[in-house]
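Please treat every number below as a calculation from the coordinates, not as lab data. A quick note: this is a predicted structure, and the numbers were derived from the prediction, not measured. Quick reminder, even Gly has a Cβ in these numbers, built from the backbone with ideal geometry, and neighbours come from all protein chains shown.
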Amino acid sequence: MLLYFFVYFVVIILLLKSRDVDNNKQKNNIIFLFVMLSLALFVGMSDMLGGYDRYIYGELFDNIADITKSKGTYKDAYIYVLYPTEIGYSYYNILLSYITANRYIFILITTIIIYMLYYLSIKRYCFNYSFAIMLFMGLVFFFTFTYLRQMIGVGIAWLSMRYVYKRNLYKFLAYILLAATFHNSAIVLLPLYFIPVKRFKKKHIIIFMSFCLVLGLSGGPSALFRIYGDIADMHNRSNSYTEQEVGFKYEYIVETFIFLYIVLKNYAQIPATKKDTVMLNALFGFCSILLLFVQSLNGGRLGWYYLIGVIATLSTICNGLKVKNQTKILVSLMSFILFARIVLQWGFMLSPYKTFFTNGVRSYDPIYELYEYDENYAIDKFYR
């Protein structure tokens, strides 16, 4: 468990030191790239940590790899049964099956791709990498262990946001549709393009967020979420190993309140550029989704497509010369609490950390007992 806190502080200190010693943007980009690659390797080389999703993705990939090896037909592959409309993810599996037949290499390559997508977005939308990575660690990092398919979709969708402030609808739609071929829920980002690229008055923001909270408390959005077909896999997952979290998500309200407090308190410090305005609107989009799905275990996952707005806007605020230290301390403390919460809540799904370079399984791993489909991997991780 302590290893995760060590990683958290090391990456942040590294970026803080690089910023203090040298403000050369090119050198800072290289250091930031190194940090993201290091995190990708740390996550990608872990041995089926984070929950049972990895076993699902591993089994689907192994099935595809077996078909590729035998030169069979893919139409009967399990992946088309489970994700019939997300053809991008299916073709991605087929492509990688020509490179490797091993689930661990598949997961490692996928994780590196995810982190490179995030690197491109954070580099493009954020100025202060130290606070950006701090927020990333608290808001996104742990989900890259397990939600591989949606994380790819999120990474692709984030790249579309520059076409919102550049007002290029066709390129924006192309990215969103591509992201949706990996995870259908990516279409939730579509409304962002049609939100006016302007600063809204504080009172209008508060009124809108209050409306979202009332609507969320009514249970309507959560009921629609449960009905929505693609996200049934999220709901089913929640019934498995996180039943204790079902019910009212008070943390959604707390997160939203803190984000809005920081933003509205420092509203004048946010640049009025089109890019910063779109990122600000994306932050409001994320907050509204949390409030709308306050009674849904996994509804907040729809907000991940807007999370880059939170990371970009808050890191921009913290980069401002006129911003008080209290704001920077609050952002730092909030990021750490969000990070620590997952470490403690996920427990055995993360700790003890183990890589796939050693055979065998961890001493206590009920997820392995329930979802391992091929015990040969426990004997020899590279048997195929």
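With 27 Å as the limit, the listed pairs Lys171/Lys202; Lys123/Lys201; Lys203/Lys324; Lys171/Lys203 have Lys171/Lys202; Lys123/Lys201; Lys171/Lys203 beyond it between alpha carbons. For the chain, the longest principal axis of the alpha carbon atoms and the long axis of helix 325-346 meet at an angle near 20°. In this structure the amide hydrogen of Thr355, modeled in the peptide plane, comes within under 5 Å of the amide hydrogens of Asp47, none closer than 5 places in sequence on its chain. Compute the acute angle (0 to 90°) between the alpha-carbon long axis of helix 25-44 and the principal axis of greatest extent of the alpha-carbon atoms of the chain; round to the nearest 10°. Tilt relative to the chain: about 40 degrees. If the reach is capped at under 28 angstrom between alpha carbons, list the lysines near Lys71, excluding any in the same chain fewer than eight residues apart. Filter leaves Lys381.
Taking a ≥ b ≥ c as the square roots of the eigenvalues of the alpha-carbon gyration tensor, the range 125-187 is classed oblate because a/c is 1.5 or more while a/b is no larger than b/c. Quick one: helix 169-180 against the long Cα principal axis of the chain, what's the angle to the nearest 10°, folded into 0 to 90? Roughly 40 degrees between the two axes.
Rounded to the nearest 20 debye, the dipole size of the chain about its Cα centre is 2220 debye, using +1 on the Cβ of Lys and Arg and -1 on the Cβ of Asp and Glu. When the alpha carbon gyration tensor of the chain is reduced to an equivalent ellipsoid, the three semi-axes, largest first, read 34, 24, 21 Å.
Residue farthest toward the positive end of the dipole of the chain, with Cβ of Lys/Arg at +1 and Asp/Glu at -1: which of Pro196, Tyr52, Tyr8? About the Cα centre, the residue reaching furthest to the positive side is Pro196. Panel order for Val343, Val188, by other beta carbons found within 10 Å of each beta carbon, from fewest to most: Val343, Val188. For Gly50, the residues whose amide H sits under 5 Å from its own are Leu350, ignoring neighbours fewer than 5 places away on the same chain, with H placed 1.01 Å from N. Each of Leu215, Leu307 was scored by other Cβ atoms within 10 Å of its Cβ. Listed from fewest to most, they are Leu215, Leu307.
Please label the shape of the range 308-356 as rounded, prolate or oblate, based on the square roots a ≥ b ≥ c of the eigenvalues of the alpha-carbon gyration tensor (a/c under 1.5 means rounded; beyond that, a/b larger than b/c means prolate, else oblate). Cα axes put the range 308-356 in the prolate bin. Ordering Ile156, Ile379, Ile308, Ile87 by the number of other Cβ atoms within 10 Å of each residue's own Cβ, fewest first, gives Ile379, Ile87, Ile156, Ile308.
Which peptide among 295-305, 49-59 comes first, and what is the full order, when sorted by highest mean count of other Cβ atoms within 10 Å?
Listed from highest to lowest mean packing, they are 295-305, 49-59.
Each Lys or Arg adds one and each Asp or Glu takes one away; over the other residues whose Cβ falls under 13 Å from the Cβ of Ile195, this sums to +4.
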